[in-house]
Amino acid sequence: MFRPVQLGYPAGMPQHVTHVFFDFTNTLVRVRGSVGQIYADVAAHHGLRVPADELDVHFNTAIASIPQPVAPDLPPETIAERERQWWRDVAWGAFEPFNDFPGFDAFFDEVFELFRRVEPWELLPGVHGTLEALRSQGRTLGVISDMDARLHDVLDVLGLRDFFTIVCLSFRTGYAKPSRKLYEAALHEAKATPAQCVHVGDSVSKDVEAALAVGMHAIHLDEKSTSNTPARAHAVRALDEIPPLLDRVERLD
């Protein structure tokens, strides 16, 4: 199902959506199980047993409270260092409330590399079919994400890399969601106007409202039907609703 809200096109702008951008985590893929469970399993290999559900709580607190140290125009080696250090700080925040963890450095080395591989990830339903359908409609696909450069490895192992022409990452551009500059960077790389582009994401503030703020169209992936989608955006409950939605809207216009 989708909300019957038409995508608005500014006067004189093209009516065809040429580019479809996606958020990554919780839009195309999700963590298998939970981060807390994965962290707990790996920590146990390094001498610390802690409850996965408590780790989840502390991880979510840490990732929400520690800003990404992004900045524009940094050299690649500095970006890579900041990416890794930020994740280390977040992981440490998840374990800090527990007893001392002498094996933390070895734990972090292992878990950081683990998230490059296929094991921690699962695709949301309908990903491949949706991307194939959009590509068959002649649309260029991209990703706008706050994930670090390991996203490229994950796209590879999940068989998604060939779908995406544009991958716009916060650490690489120097701007994190919901900064409009991150979305403007994606538009610049696409060489497209905002009216030609739609962004799909699960977060109202970081994906939907941020895309609308730069003039892009937005689709809210609202799997739980929360009904909090902004009036100027569409809501879908599943990815496979997107290709027929765009086709229908364009035919109506």
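Some observations on this one:
- On a per residue basis, the chain carries 47 Å² of accessible surface, using protein heavy atoms and a 1.4 Å probe.
- Accessible carbon and sulfur surface of the chain relative to its total accessible area, %, 1.4 Å: 52 percent
- Selection from Asn99, Val167, Leu134 lying farthest towards where the dipole of the stretch 90-167 points positive, charges on Cβ: Leu134
- Choice from Phe21, Phe107, Phe98 showing the highest fluctuation, given a GNM over the chain with Cα pairs closer than 10 Å: Phe98
- Most fluctuating residue given options Gly215, Gly142, Gly126, as computed from a GNM of the chain linking Cα atoms under 10 Å: Gly126
- Simple point charges give the picture: +1 on the Cβ of Lys and Arg, -1 on the Cβ of Asp and Glu, and for the chain a dipole about the Cα centre of about 920 debye.
- Note on the stretch 75-163: along the principal axes its Cα atoms extend 54, 33, 19 Å, ordered by decreasing extent.
- Relative contact order of the stretch 96-185, pairs being alpha-carbon contacts under 8 Å that are 6 or more residues apart, as %: 26 percent
- Using all pairs of distinct alpha-carbon atoms, the Kirkwood hydrodynamic radius of the stretch 83-223 works out to 16.8 angstrom.
- Dimensions in Å of the stretch 145-253 - Rg and Dmax from alpha carbons: 14.2, 40
- Overall, the ratio between the Cα radius of gyration of the chain and 2.2 N^0.38 Å, rounded to two decimals, is 1.06.
The values are calculated or read from the model by the stated rules, or taken from the named source; none is laboratory data. Bear in mind the structure is a predicted one, so any value in this text is a computation, not a measurement. Please note: Cβ atoms are built from the backbone with ideal geometry, for glycine as well, and neighbour counts cover all protein chains shown. The accessibility values were calculated without ligands, DNA or RNA, using every heavy atom of the protein model including side chains. Shrake-Rupley method; radii C 1.70, N 1.55, O 1.52, S 1.80 Å.
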